[in-house]
Amino acid sequence: MDKSPDAFRTISEVADDLDLPQHVLRFWETRFPQIKPMKRGGGRRYYRPDDVDLLKGIRHLLYDHGYTIKGVQKLLKANGNRFVAAIASGDMATMEAIMAASGEKDTADPRVAHPDDDEVVGRPKAKPSGRFFGFGGSSSSDTPEISIGKSSINKDDRALLQEALFDLLECKRLLDQVR
């Protein structure tokens, strides 16, 4: 027997619906204060339909569009919960209404007012150089300097790593669909 669309959902039902592990939903609660499931005795979570829609929007932005958590936080702050929920459902009328109310004109590709480098994962910030993390393809014959520590990755290498991370996440998503 299926539940009514207005019924509250348990964390296991939401996790199954979104094809995510339950611990990811608990983690997102710590990162997105907009997610506020009702908690009953023993800490059991019950998600409202609006919470589920918001989670679908967050999942869509993180997994399908390559946004980082920080990027989604900025998008939520700039445009609100309804906008992010409308992105996942493809509700263009709601997105256009929200964008019109905020004064934005471009609804096809929503952007945060002041995007940072960490808004989207996977879009390379550096020009392709034919090298891989300082090895090969470099014009100098010097041996590349290898350093281990916090400052060992320069901006170009960070962009390459972000692109590789995006590719790996996309591969994982495709593999999860096959299973």
Between D50 and F27, how high is the FRET efficiency from 1/(1 + (r/R0)^6) when r is the Cβ-Cβ distance and R₀ = 22 Å? Nearest 0.05.
0.65
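Quick check: residue separation of D19 and A97 times 0.36 nm, minus the Cα distance between them. What number comes out in nm? Write out the running numbers ahead of the final one.
On the way: separation 78, 0.36 × 78 = 28.08 nm, distance 2.98 nm.
That pair, D19 and A97, stretches by 25.1 nm at full extension.
If I69, I11 are ordered by their accessible area, calculated over protein heavy atoms with a 1.4 Å probe, which sequence runs from highest to lowest? Write down the numbers at each step before the final one.
On the way: I69 45, I11 25 Å².
The ordering from most to least exposed comes out as I69, I11.
Listed here are the pairs K70/K155; K3/K56; K39/K172; K3/K74; K74/K155; K3/K70; which of them are more than 25 Å apart at the Cα? Kindly include the intermediate steps, with their values, before the conclusion.
Values: K70/K155 18 Å; K3/K56 18 Å; K39/K172 32 Å; K3/K74 33 Å; K74/K155 22 Å; K3/K70 34 Å.
Over 25 Å Cα-Cα: K39/K172; K3/K74; K3/K70.
Given charges of +1 on the Cβ of Lys and Arg and -1 on the Cβ of Asp and Glu, with all other atoms neutral, how large is the dipole of the stretch 34-89 about its Cα centre, in debye to the nearest 20? Please report the intermediate quantities before stating the final value.
Details: 12 positive and 4 negative charges, 66 e Å.
Using Cβ point charges on Lys, Arg, Asp and Glu, the stretch 34-89 gives about 320 debye.
Using 0.36 nm per residue, how much length does the chain from F166 to D64 gain when fully extended, once their Cα-Cα distance is taken away?
Working: separation 102, 0.36 × 102 = 36.72 nm, distance 1.00 nm.
Full-extension gain reported as 35.7 nm.
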Keeping all protein chains in position, work out how much accessible area K3 exposes to a 1.4 Å probe, and write it in Å² to the nearest 10.
90
Convert each backbone phi in the stretch 70-77 into a coupling constant with the Karplus relation 6.51 cos²θ - 1.76 cosθ + 1.60 (shift: θ = phi - 60°), then list the ³J(HN,Hα) values in order as whole Hz, x for Gly and Pro.
4, x, 5, 4, 5, 5, 5, 5
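The values are calculated or read from the model by the stated rules, or taken from the named source; none is laboratory data. Bear in mind that the values here come from a model prediction, so they are computed numbers and not experimental data. Neighbour counts are summed over all protein chains in view; Cβ atoms, including those assigned to glycine, are modelled from backbone coordinates with ideal geometry. Accessible surface areas use protein heavy atoms only, side chains included; no ligands, DNA or RNA. Shrake-Rupley method; radii C 1.70, N 1.55, O 1.52, S 1.80 Å.
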